């Protein structure tokens, strides 16, 4: 075996085996909360919890209102999607008829290959068209929900500010979340 070929094979095998090795761990920055020890701080934290709960209830109500508000938009977008689908379906039918005609006549594209010269690969030279995907009302609803309604309410920063004002401590930590080494 030639030395260059042997080196190439060893290099490829090494790369493949390295890809099979354990993936590296993934880490995430998180915060650990230490509440204040005194009773005044504990009473203050209860108020922070109440503020957080009110904020989350408001956020949920806003989300529900938003969902009701996008219903007319969903119908409009869905009808537009159906119109586009009808046009794509018509185009697909036309391309499918052309493909079937191509197969039935055993035509070859003489423009690209010249008269009487055909490439040495098997037929078909002209591949069947891909059918369009029919739209779904649920997909349109999901897209609009992500665009318009799924927003951060800002409750956590309010709680953090209140927590720190009550004498609590927020300590940043780095935590392994995937492919963690043993013992961590």
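No lab work stands behind these numbers, since they all come straight from the coordinates. Computed from a prediction, not measured in an experiment: that's the story for all the values here. Methodologically, a virtual Cβ is constructed for each residue, glycine included, from the backbone with ideal geometry; neighbour enumeration extends over all protein chains shown.
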Query - Inter-part distance where the stretch 23-38 and the stretch 67-104 are each reduced to a Cα centre, Å - result: 49
Query raised in the report: At q = 0.14 Å⁻¹, what base-10 log of I(q)/I(0) does the Debye formula yield for the stretch 25-178 when every alpha carbon is treated as an equal point scatterer in vacuo?
Result: -0.91
Query raised in the report: residue 134 to residue 63: FRET efficiency via 1/(1 + (r/R0)^6), r the Cβ-Cβ distance, R0 25 Å, to the nearest 0.05?
Result: 0.30
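For residue 82 and residue 47, what does the FRET efficiency come to when R0 = 41 Å and r is the distance between their Cβ atoms, rounded to the nearest 0.05? Provide the component values of the computation, followed by the final result.
Working: r = 52 Å, r/R0 = 1.27.
FRET efficiency, residue 82 to residue 47: 0.20.
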Requested in this report: Set the Förster radius R0 to 35 Å, insert the Cβ-Cβ distance between residue 73 and residue 97 as r into 1/(1 + (r/R0)^6), and round the FRET efficiency to 0.05.
Outcome: 0.45
